[in-house]
1. What full-extension length gain, to one decimal in nm, is calculated for residue 290 and residue 10 as 0.36 nm per residue of separation minus the Cα-Cα distance?
2. Tell me, what is the FRET efficiency for residue 201 and residue 279 to the nearest 0.05, using R0 = 35 angstrom and their Cβ-Cβ distance as r?
3. If I model a spin label as a point 7 Å beyond the Cα along the Cα-Cβ vector, how far apart are those points for residue 22 and residue 306 in nm?
4. With a 10 Å radius around each residue's Cβ, average the other Cβ atoms per peptide and rank 35-46, 281-292, 130-141, highest first.
5. In Å and from the alpha-carbon atoms only, list the Rg and Dmax of the range 43-155.
6. Which FRET efficiency value, to the nearest 0.05, is calculated for residue 91 and residue 262 with the Förster distance at 22 angstrom and r the Cβ-Cβ distance?
7. Scan around residue 322 for amide H atoms under 5 Å from its own, H built in the peptide plane at 1.01 Å from N, and keep only partners 5 or more places away or cross-chain.
8. Quick check: residue separation of residue 33 and residue 164 times 0.36 nm, minus the Cα distance between them. What number comes out in nm?
Amino acid sequence: MPETSDHHDAGRWRDLVMQIGEEIAAPLTSALERVYALASTGRIDRKSLRQLREELERSRQVGLASQQIARFASGRVRQSHERLNLTQTVQNVLVHRHRETSARGIEVRQVLKPVDVIVDPTLLFSLLNTLLDWAMRHARSTIELKVDVKSWPAHARLACRFRQTLPDEAATGFSDTVTDFHLDDMSWRLLEHTAAVTGVVLGRHDEDGRIVTVVEFPRTVDETLAGLQLVELDDGFPSSLNSRPLAGCHVLVVASRRDVRVQVREAVRHMGLVLDFVTSIDEAAAFCASSIPHAVVYEAILRTERFNHLRADILRDAPDVAFIEIVEEGSMFEMSSFGGARSAAKVGRDALLGSLPSALVFELTKTL
């Protein structure tokens, strides 16, 4: 029996590696053809430029998903369970992703019943974002998210419903070249592994293009029961404020100088963050028009009136975005203030290597 199980596992991982290679190679091949055409003609139109960016982004997403799967498979994921309001967490993710769903022309409908679950906060955050990534990739237009509680056993459920995008509709969609209509893509594989590590049950039902995915939470807080779950919550689940990993969080770095960008990359390379770099406030504004990051790290020399307007615009849509300013000299680390007029955190450039990771953990775990 063990040999049969080992053989099955080896085959499953072999298939996964093959899938990773295929999903990275396909968009990169198309991207390379566009680069050859650009080199030959010296010209590229807006549509081809958009498609090139999407092809490269898709390859990067597959690579990041494969890294996350490898991390989960290693068995070294540190968890710290907490009592969380599932409905509020879903709503926070949707608020944060609002610009992205709007840019894709996707409507998200919510039918959410208040319910608390016991789960690791970062893993829940990753699970919800991965579910949304996968649904947006395959949904025709409307995604319905529903949170309720089963009558027996009393488990919270998150259901995601949509109609699958059809291949002949791709030309009118957001990503008409990159889209892979195979539901078991790398986003789904990452969702499976995230669910397994988180300790939730993932199921999917496909029928005539109608897709229903259900995430069931066995550790649901039932306020009508005296005892065990709440006793466990009080005595067994310490806070993860200072130790929670930030793998998968999206950070935008706004730095005009290459050496600063190199310093930032080196400082956070071990954190598993999704990093994007831009060199100006105009580039940052264009980036944030379609996708808001979880944190913005920027050079103090770029803090102009234009930047202040961009920051205010971002915080109107996503009040929990963290801002960390790189001060030109010194080894300071100054945390942000709390409240409505929350200031940016500050890290001296001389202290980037040691203090930037701590600053990100502190600022992001205020809200994650």
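None of the figures in this text is laboratory data; all of them are computed from the coordinates on show. The model shown is predicted, which means the values in this text are computed figures rather than measured ones. With ideal geometry, Cβ positions are generated from the backbone for all residues, glycine too; neighbour counts draw on all protein chains shown.
1. Extra length available between residue 290 and residue 10 comes to 96.8 nm.
2. Once rounded, the FRET efficiency stands at 0.20.
3. 4.6
4. Highest to lowest by the protection proxy: 130-141, 281-292, 35-46.
5. In Å, with Rg to one decimal and Dmax whole: 17.2, 62.
6. On the way: r = 38 Å, r/R0 = 1.71.
Working from the Cβ atoms, E equals 0.05.
7. 295, 296
8. Values: separation 131, 0.36 × 131 = 47.16 nm, distance 2.87 nm.
Taking residue 33 through residue 164 to full extension adds about 44.3 nm, to one decimal.
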